[in-house]
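Peer 1: I'd like to ask you about the structure that follows.
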Amino acid sequence: MDWEWLENRIFERTLTADERNTLQAVIQQVEFAEGERIMVQNAPGGTLYLLRSGRVAVELEFCGETVHLADVGEGAQLGDMSFGQDRRQGGGPQPRAADVDEQGAGATLIARTPCVAYKLTRDDLSRLYAYRQDMVNDLLVHTLKGMSSTIRNLNEAKAAALQYIHGRRT
């Protein structure tokens, strides 16, 4: 594992030896060959990938056509849309893997170049939460930052498209 990269890009702090040992037990390093499908739209999810290196195409089947949405690179978090939703209503303890609905992948992800990623399953996240809630909080902060950036980019793209439709932009 590239601890320096994880500390700088994901956790934004130096990890202790105990934290590194805990992560070593729940996160797996995986590799994808160029052209390999990492996820397929609507297929069961439950796995989160932190892209250490490489480029990944994000494609969506929409109205019978394949639409290329984006290429993402190092530092991207993949699989968060299909990681699942909590079935419980209201508050309560941290959900177990059994309390989460399976939700299919929101897009197809294809390795554009050879990729290295860190893989975390929903069950692994539950185990991590049982021992190191602070580290789960760090991962959630990373997720929120990524989603905020994506929403900001989508808002700008929608505004540009609306300007184009209304003839105020070419």
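The values are calculated or read from the model by the stated rules, or taken from the named source; none is laboratory data. Computed from a predicted structure; not experimentally measured. All Cβ positions, even for glycine, are placed from backbone atoms using ideal geometry, and neighbour counts span all protein chains on display. Note: areas computed on protein heavy atoms with side chains; ligands, DNA, RNA excluded. Shrake-Rupley method; radii C 1.70, N 1.55, O 1.52, S 1.80 Å.
Peer 1: Where the accessible area of the chain is counted over protein heavy atoms with a 1.4 Å probe, how much of it, in %, is carbon and sulfur?
Peer 2: Details: 5180 of 10290 Å².
Taking all protein chains in place, the chain shows 50 percent carbon and sulfur surface.
Peer 1: Could you tell me how far the Cα centroid of segment 20-35 sits from the Cα centroid of segment 102-170, in Å?
Peer 2: 18 Å
Peer 1: Once you have the Kirkwood Rh of segment 99-154 from its Cα pairs, apply Stokes-Einstein at 20 °C and 1.002 mPa s and quote D in µm²/s. Present the calculation step by step, with values, prior to reporting the outcome.
Peer 2: Working: Rh = 13.9 Å.
So the translational diffusion coefficient is about 154 µm²/s.
Peer 1: What spacing in nm lies between the two simple spin-label points modelled at residue 127 and residue 16, each 7 Å away from Cα in the Cβ direction?
Peer 2: About 2.1 nm, to one decimal.
Peer 1: Here's something else I'd like to know. In terms of the ratio Rg/(2.2 N^0.38 Å) built on C-alpha atoms, what value belongs to the chain? Don't skip to the answer; put the middle values down first.
Peer 2: Details: Rg = 17.6 Å, N = 170, 2.2 N^0.38 = 15.5 Å.
The value comes to 1.14.
Peer 1: Just the number please: accessible area per residue for the chain, 1.4 Å probe, all protein chains included, in Å². Intermediate values should be presented prior to the final figure.
Peer 2: Numbers: 10290 Å² over 170 residues.
The answer is 61 Å² per residue.
Peer 1: Show that you can apply the helix-only estimate: for the chain, add -39,500 (n - 2.57) for every DSSP H stretch of four or more residues, divide by all residues, and state [θ] at 222 nm to the nearest 500. Could the numbers behind the result be given before it?
Peer 2: Numbers: 3 runs with 53 residues, N = 170.
Result for the chain: -10500 deg cm²/dmol, rounded to the nearest 500.
Peer 1: On to the next question. Order the peptides 130-141, 51-62, 109-120 from the highest to the lowest mean number of other Cβ atoms within 10 Å of their residues. Intermediate values should be presented prior to the final figure.
Peer 2: Details: 130-141: 14.0, 51-62: 17.9, 109-120: 19.8.
In descending order of packing, they fall as 109-120, 51-62, 130-141.
Peer 1: By how many degrees, between 0 and 90 and to the nearest 10, does the Cα long axis of helix 122-131 differ from the longest principal axis of the chain?
Peer 2: Taking the Cα atoms of the chain, the angle to 122-131 is about 40 degrees.
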